[in-house]
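Please read the structure below before turning to the comments.
The values are calculated or read from the model by the stated rules, or taken from the named source; none is laboratory data. Not measured: the values here are computed from a predicted model. In this analysis, Cβ positions are derived from the backbone assuming ideal geometry, glycine residues included, and neighbour counts consider all displayed protein chains.
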Amino acid sequence: QKEVEQDPGPLSVPEGAIVSLNCTYSNSAFQYFMWYRQYSRKGPELLMYTYSSGNKEDGRFTAQVDKSSKYISLFIRDSQPSDSATYLCAMTPSGGYQKVTFGTGTKLQVIP
Amino acid sequence: DVKVTQSSRYLVKRTGEKVFLECVQDMDHENMFWYRQDPGLGLRLIYFSYDVKMKEKGDIPEGYSVSREKKERFSLILESASTSQTSMYLCASRFRGPSNQPQHFGDGTRLSIL
């Protein structure tokens, strides 16, 4: 069983929809949670970075962490065709250098 | 903004060749990383470096080596390239602070070994 599970999709939604992307994990030591967006033939770009539980909002993006359920989500409001990309979740324990564990990514397509 | 630059976007080499992939970051980050990314397998850590001249093996170091002679530059070396090393290679860097700062990635090198 992988430490981090992420549905690979693809997920297709119409423009303007609310998108929910999710990851589950098994390691209760994870404290820092990240979402990266990766366009085709490009490197991952950091979207959101959160510590422990709770919500964080940045424009149309909201990251949510539920440590009790070991579940994290990324919500995209008013989705745009430019949001079409693969979204990777990532997480790491706290304390000094710790290895980052990545999900395998969910491919999102926003249809105009 | 953090800038991580990988020297080549696309590279084609032959089996048995020694291959060098170069990565440069401009943010004075202490930590640097090399990953490979394959469909269905996600990102797998090959090597990382805490600081200049320091290196640690990641999850899949076999067939690879690294060099970090200057803080801004981290090189990945394929000692004798094989077709199984055809992949997307991603370099990342991060600031070594009191909390686990996120990694910032370059745009990758798509390497094909024929």
Within region A:17-30, how many residues turn out to be within 14 Å of chain B (Cβ to nearest Cβ) and buried (at least 20 other Cβ atoms within 10 Å of the Cβ)? 3
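Yes or no, residue by residue, for (1) farther than 18 Å from A:I76 by Cβ; (2) assigned to a strand (DSSP E or B); (3) touching a Gly at 6+ places or on another chain (Cβ under 9 Å); (4) among the aromatic types (F, W, Y):
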| position | (1), (2), (3), (4) |
| --- | --- |
| A:C23 | no, yes, yes, no |
| A:N27 | yes, no, no, no |
| A:W35 | no, yes, no, yes |
| A:T50 | no, yes, no, no |
Within the set of pairs 6+ apart or on separate chains, which have a first residue in region A:86-112 that is under 12 Å from B:P102 (Cα atoms), a second that is assigned to a loop (DSSP other than H, G, I, E, B) and of a type in the set (V, I, T), and C-beta atoms under 9 Å apart? A:A90/A:V100; A:M91/A:V100; A:T92/A:V100
Restricting the first residue to region A:22-33 and requiring it to be within 10 Å of A:E3 (Cβ to Cβ), which pairs with a second residue that is part of a strand (DSSP E or B) and of a type in the set (S, T, N, Q) meet a Cβ separation below 7 Å and a spacing of at least six or different chains? A:F30/A:T92
Region A:7-21 residues that are touching a residue at least 24 places away in the same chain (Cβ under 8 Å), paired with ones that are charged (D, E, K, R) and not in a strand (DSSP E or B) (beta carbon under 6 Å, 6 or more apart): A:G16/A:D78; A:I18/A:R77
Can you name every residue in region A:53-87 that is of a type in the set (D, E, K, R), in contact with a strand residue (DSSP E or B) (Cβ under 6 Å, 6 or more places away or on another chain) and more than 14 Å from A:W35 (Cβ to Cβ)? A:K70
When every residue in region B:37-75 that is within 12 Å of another protein chain (Cβ to nearest Cβ) and basic (K, R) is compared, the one farthest from A:S40 (Cα to Cα) is B:K57
What pairs can you find where one residue is in region B:100-112 and more than 7 Å from every other protein chain (Cβ to nearest Cβ) and surrounded by fewer than 22 Cβ atoms within 10 Å (Cβ to Cβ), the other is assigned to a strand (DSSP E or B) and basic (K, R), and their Cβ atoms are less than 6 Å apart, with a gap of 6+ or different chains? B:Q101/B:R94
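Given the structure, is B:Q25 modelled with pLDDT of 95 or more and either within 9 Å of chain A (Cβ to nearest Cβ) or crowded, with 17+ Cβ neighbours inside 10 Å (or both)?
Against the criterion (modelled with pLDDT of 95 or more and either within 9 Å of chain A (Cβ to nearest Cβ) or crowded, with 17+ Cβ neighbours inside 10 Å (or both)), B:Q25 qualifies.
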Suppose we keep only residues that are surrounded by 14 or more Cβ atoms within 10 Å (Cβ to Cβ) and basic (K, R) within region A:31-59. Which one would you say is nearest to the other protein chains (Cβ to nearest Cβ)? A:K42
